[in-house]
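A short write-up of the structure that comes next.
The values are calculated or read from the model by the stated rules, or taken from the named source; none is laboratory data. All values derive from a computational prediction rather than experimental measurement. Positions of Cβ are backbone-derived with ideal geometry, glycine not excepted, and every protein chain shown enters the neighbour counts.
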Amino acid sequence: MLVPASRLLVRVLPTPLASRLIRFLGGRSQRPKIYPAQQEALALAAPVRYGQDGRNVAWSWGEGPLIVFVHGWNGSAAQLAPLALRMAQRGYRCVAIDVTGHGSSHGKRTGWRHFIDDVAALTATLNEEVHAYVGHSAGGLGMMAARALKKLRARFYVCICAPSHPFPPIRAVQQRLAPAPHLLADYQAFIARQFGTSWRELEAGQAFAGAGADLMLFYDKADRFVDHTEGDRLVALCRGARLFKSADHGHSKVLGSTELEEALSAFLIGQGAHA
């Protein structure tokens, strides 16, 4: 009943209240089911507390050059845990974050600013050179924005099924609430402020500005949430970036694919090639 009622309220409430309702609904987060393979991988990790009062949690495996993994909106470190464990077995220290409102971290709400600020806060807590940031979906976009806004530096950046700009929540609001154009524009501006820029600049790929040969892009042709053509757009914007595509995994299952693991491993040791 929440969506039908909210759709009606968005139409009848005064503009300020309707905008607040859209923002409220857009900031809700969910915690996905944890599957046995994910739980088994998490059981082998050591928790890392970060953020204010240590209320947020990340998970660490292995020793070696540091890889920071960032999940997507309504995701969790658990989704990346099997991949992080396998990369740890290849000789890396792998740390997977639970962003505010996700996984074992505190809160029931989140926002793009949480993705940006939390990645920076975890990096500060770890206090060591980062070999690579690896982000899935919103996590990929968030970490690339943090790279610019928080001056985060790594040798490599890897985006898996990441949108070029934060259009998925706009699309979701359009489909579920059908707001008037001025309300949608207000929500776009609200999101853009979290990135410290305008919606027009976000659409132009500002979060990825300056990325090139240090960036790997991985998409799946069966992804129904972020179309694989986002990879084509980004590789055109980021000269020298490497684009890989798999065929039939979808948005989340791609995280467990052999193709992703092999492409990631090759890229991080400088052997990646276009595919």
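Values computed for the structure shown
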item	result
Failed item, numbered, when Ile170 is tested on (1) more than 30 Å from Leu8 (Cβ to Cβ); (2) without any contact (Cβ under 8 Å) to a residue 24 or more places away in the chain; (3) of a type in the set (Val, Ile, Thr)	(1)
Positions within segment 131-150 being farther than 21 Å from Gly240 by Cα and not small (Gly, Ala, Ser), in sequence order	Leu149, Lys150
Any hit, segment 265-273, residues being of a type outside the set (A, V, I, L, M, F, W, C), more than 18 Å from Tyr92 (Cα to Cα) and surrounded by fewer than 19 Cβ atoms within 10 Å (Cβ to Cβ)	no
Contacts under 7 angstrom Cβ, first residue in segment 6-34 being under 17 Å from Trp112 (Cβ atoms), partner modelled with pLDDT under 90 and surrounded by 15 or more Cβ atoms within 10 Å (Cβ to Cβ), 6 or more apart	Ile22/Val10; Leu25/Ser6
Residue within segment 130-145 that is under 15 Å from Gly51 (Cα atoms) and surrounded by fewer than 24 Cβ atoms within 10 Å (Cβ to Cβ) present	no
In segment 215-228, the residues that are out of contact with any Pro (no Cβ under 9 Å at 6 or more places or on another chain) and surrounded by 18 or more Cβ atoms within 10 Å (Cβ to Cβ)	Leu215, Met216, Leu217, Phe218, Tyr219, Asp220, Asp223, His228
Meets criteria (surrounded by fewer than 21 Cβ atoms within 10 Å (Cβ to Cβ), out of contact with any His (no Cβ under 6 Å at 6 or more places or on another chain) and not in a loop (DSSP other than H, G, I, E, B)) for Glu63	no
The one condition in (1) surrounded by fewer than 18 Cβ atoms within 10 Å (Cβ to Cβ); (2) more than 13 Å from Pro166 (Cα to Cα) that Ala211 fails to fulfil	(1)
Segment 7-22: number of residues that are surrounded by fewer than 16 Cβ atoms within 10 Å (Cβ to Cβ) and assigned to a helix (DSSP H, G or I)	9
Which listed residue is more than 20 Å from the chain's Cα centre (by Cα) and not acidic (Asp, Glu), from Arg11, Arg49, Arg23	Arg11
Residue check for Ala46: without any contact (Cβ under 8 Å) to a residue 40 or more places away in the chain and either touching a Lys or Arg at 6+ places or on another chain (Cβ under 7 Å) or under 25 Å from Phe195 (Cα atoms) (or both)	no
Check on Leu25, under 19 Å from Ser257 (Cβ atoms), of a type outside the set (Val, Ile, Thr) and outside any strand (DSSP E or B)	no
Pick from segment 89-107, criterion over 25 Å from Gly196 (Cβ atoms) and not aliphatic (A, V, I, L, M), ranking: surrounded by the fewest Cβ atoms within 10 Å (Cβ to Cβ)	Gln89
Criterion violated by Ala84 - all others in (1) crowded, with 24+ Cβ neighbours inside 10 Å; (2) more than 21 Å from Leu215 (Cβ to Cβ) satisfied	(2)
Residue satisfying all of: in segment 86-118; among the charged types (D, E, K, R) and modelled with pLDDT of 95 or more; farthest from Leu264 (Cα to Cα) among these	Arg113
Filter result for Gly231 (crowded, with 21+ Cβ neighbours inside 10 Å and not aliphatic (A, V, I, L, M))	yes
